[in-house]
Amino acid sequence: MAAPYLCNPIEKFNLFMSYDNNTFQNLISHCKEYGYIFQSSEIYDGLAAVYDYGQNGAQLKKNIRDAWWKTMTQMQDNIVGIDAAIFMHPTTWKASGHVDNFSDPMIDNKDSQKRYRVDHLIEAFVESLEKEAGAALIHQMEQLLAADDLAGIKQLIIDNNIKCSVSGTCNWTDVRQFNLMFSTELGSIADEASTIYLRPETAQGIFVNFLNVQKTGRMKIPFGIAQTGKAFRNEIVARQFIFRMREFEQMEMQYFIRPGSQMEWYEHWKAERMRWHQEVMGFPAARLQFHKHIKLAHYADAAVDVEFEFPFGWKELEGVHSRTDFDLKQHQEFSKKKQQYFDTEINQNYIPYVVETSVGLDRLVLATLSNAYAEEKWNREDGTPDSRVVLKIPANLAPTKLAVLPLTKKDGLPDIARDIIKNCRGAFPCFYEEKDSIGKRYRRMDAIGTPFCVTVDHQSKEDGTVTIRYRDTMTQKRIHMDDVKAKVLEAITV
Ligand code: GAP
């Protein structure tokens, strides 16, 4: 039975949802206003491409990380998790190829001194072209990058009259490679031997621990090692909010396999990761696609991106890479320690091959928020317009699961509300609020993405029932207060 203060049912909505650049700017403002994401060191005017997560953002990020960890470790027979240090012996990065190869081709405009990653410069230019011409130019660029033809790339920029957005000129330097690793000094002696790097990927912490985990865990191939943690890249052109950051978090899993079986496992993990994005993250299939790499990283024999349709276009969310035995072989050579596995089933010693899945946690947060953000407008029954901004974050990922709202501050209603919270908060995060009208409180919960609101009113005192309101549909139902916890738990269990 609906109480008189309830909103109109969903059928009355004239619901619209736009997904464009304006909405994206609104989303960025919304993230700040509702405690999701702040510019780092904002009181000092911020630090480019570095962000802080606020109270709701940190919880959303943790929920996504936990969901990934559960799928990749707890739900698997043969994948275990580790937590390696950010600092690693500097030879790690020589062996992995990052010192020599981890760079992006850049070009500077001589008039404005502005530096661009060439692919970003060309991609931005393509946005001004017709679809077919744009696709042709991207294809040409990809071919040239795959061939490491830096002079050819510069010529492509000049032939297409691509200008610097600041100076408006085509006065370009040659294209050069810039290494993306941050370095710092370990200890007090500033000689070359003490130069160490902030890890640009978490994967190497797994490779150097391959034998530790295999032996102590008595792991049999095929098996995996997973970890989540910070990675750092000196991105020259950092754009699009938390999409491309200088400090970000990766969630990676290295799956160690028999040489020759890599294509089978590559297909397996491609399919598994696509399934996870849909079933656990709740992304619609239409907003996900695979994009096969033409230019392979120095370690890969096959690679694909899982792309998400962000408000600014299709972009990489996750990579699935067949890394061969490149990394373990390199570490064996540089460390002079054997990185081999004795396979008792086939009586052979070999360096395992690896298929990795590597997803950016911050990109998952951005994809979740982009997918969830909606500006809705409708007319009430009496014709007056109404509106709301809502984050339709899947219930399993939402930072706060349940808000408990006493209709008034008196008549013992807050006590009942507090009892419900006491009963539920051990199982999931709850929020209590008694200030403002119930309508305003609902809107605030919509804005932070709380999937369930429970309102305690005078009828609750008589028969123990409360109103449960569903964020996405705004529909409401009376249920017994003893059933609240089970109802929410059912909805957040994936
Ligand atoms: N170990 C393999 C590896 O690091 P990658 O494609 O360079 O592969 C994996 O990175 C994922 O890390 C990307 O798909 C992306 O989600 C995330 N990522 C990479 N650079 C990032 C950045 N600057 N900001 C945010 N996320 C980033």
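Bear in mind that the values in this text are calculations on the coordinates, not laboratory data. Values in this document were obtained by computation on a predicted structure and should not be read as measured data. Positions of Cβ are generated from backbone atoms using ideal geometry, with glycine treated the same way; all protein chains shown enter the neighbour counts.
Grab the beta carbon distance between residue 478 and residue 301, set R0 = 45 Å, and tell me the FRET efficiency rounded to 0.05.
0.15
Please report how far the C-alpha centroid of the stretch 357-374 lies from that of the stretch 142-165, rounded to the nearest whole angstrom.
Using only Cα atoms, the two centres lie 31 Å from each other.
Modelled label-to-label distance, residue 91 and residue 135, 7 Å Cα→beta-carbon offset: nm?
Distance between the two pseudo-spin positions: 5.0 nm.
Can you tell me the relative contact order of the stretch 271-342? Whole percent, Cα pairs under 8 Å, sequence separation 6 or more.
21 percent.
Of the beta bridges DSSP finds with both residues in the stretch 339-494, what % are antiparallel, to the nearest 5?
Bridges in the stretch 339-494 are about 70 percent antiparallel.
Translational diffusion coefficient, Stokes-Einstein: compute it for the chain using the Kirkwood radius over C-alpha pairs as Rh, at 37 °C and 0.692 mPa s, and state it as an integer in µm² s⁻¹.
So the translational diffusion coefficient is about 128 µm²/s.
Residue separation times 0.36 nm, minus the C-alpha to C-alpha distance between residue 342 and residue 185: what's the value?
Contour length minus Cα-Cα distance gives 52.6 nm.
Which stretch or stretches of the stretch 109-125 have amide N atoms under 14 Å from the point lying 7 Å from residue 155's Cα along the Cα→Cβ direction?
So the set is empty, nothing qualifies.
Taking a ≥ b ≥ c as the square roots of the Cα gyration tensor eigenvalues, with a/c under 1.5 meaning rounded and otherwise prolate when a/b beats b/c, else oblate, which class fits the stretch 108-202?
Here the stretch 108-202 falls in the prolate category.
Given H placed 1.01 Å from N in the peptide plane, which residues other than close sequence neighbours of residue 453 have an amide H under 5 Å from its amide H?
Here 403, 469, 471 satisfy the definition.
Do the alpha carbons of any pairs in 440/477; 220/337; 401/422; 270/338; 32/392 sit beyond 23 Å of each other, and which pairs?
270/338
Mind sorting 294, 448, 346, 236 by how few other Cβ atoms lie within 10 Å of their own Cβ, fewest first?
If I rank by nearby Cβ atoms, fewest first, I get 346, 294, 236, 448.
Can you put 402, 144, 296 in order, fewest other beta carbons within 10 Å first?
Fewest-to-most ranking of 402, 144, 296: 296, 144, 402.
Sort 64, 492 so that the residue with the fewest other Cβ atoms within 10 Å of its own Cβ comes first and the one with the most comes last.
Starting with the residue having the fewest Cβ neighbours, the order is 492, 64.
Starting from 0 in steps of 5 Å, tell me what percent of the Cα-Cα pairs of the stretch 50-161 lands in each bin.
With a bin width of 5 Å, the distribution comes to 2, 8, 12, 12, 10, 11, 13, 15, 11, 5, 1, 0.
For a quick protection proxy, order the peptides 39-47, 449-457, 168-176, 378-386 by their average other-Cβ count within 10 Å, most packed first.
Top to bottom by mean Cβ count within 10 Å: 449-457, 168-176, 39-47, 378-386.
Per residue of the stretch 342-352, in order, report the coupling 6.51 cos²θ - 1.76 cosθ + 1.60 (Karplus, θ = phi - 60°) as ³J(HN,Hα) in whole Hz, putting x for Gly and Pro.
With coefficients 6.51, -1.76 and 1.60, one gets 9, 8, 5, 5, 10, 6, 9, 9, 7, 8, x Hz.
At residue 335 and residue 195, where each label point lies 7 Å from the Cα along Cα→Cβ, what is the point-to-point distance in nanometres?
Label at residue 335, label at residue 195, 2.3 nm between them.
Excluding residues fewer than 8 places away in the same chain, name every one of the lysines whose C-alpha is closer than 25 Å to that of residue 154.
List returned: 110, 114, 131, 163, 292, 295, 315.
Rg to Rh ratio, the stretch 176-265, alpha-carbon atoms and Kirkwood radius?
That ratio is 1.07, to two decimals.
Could you work out the helix-only [θ] at 222 nm for the chain, with each DSSP H run of four or more residues adding -39,500 (n - 2.57) and the total divided by the number of residues, to the nearest 500 deg cm²/dmol?
About -9500 deg cm²/dmol.
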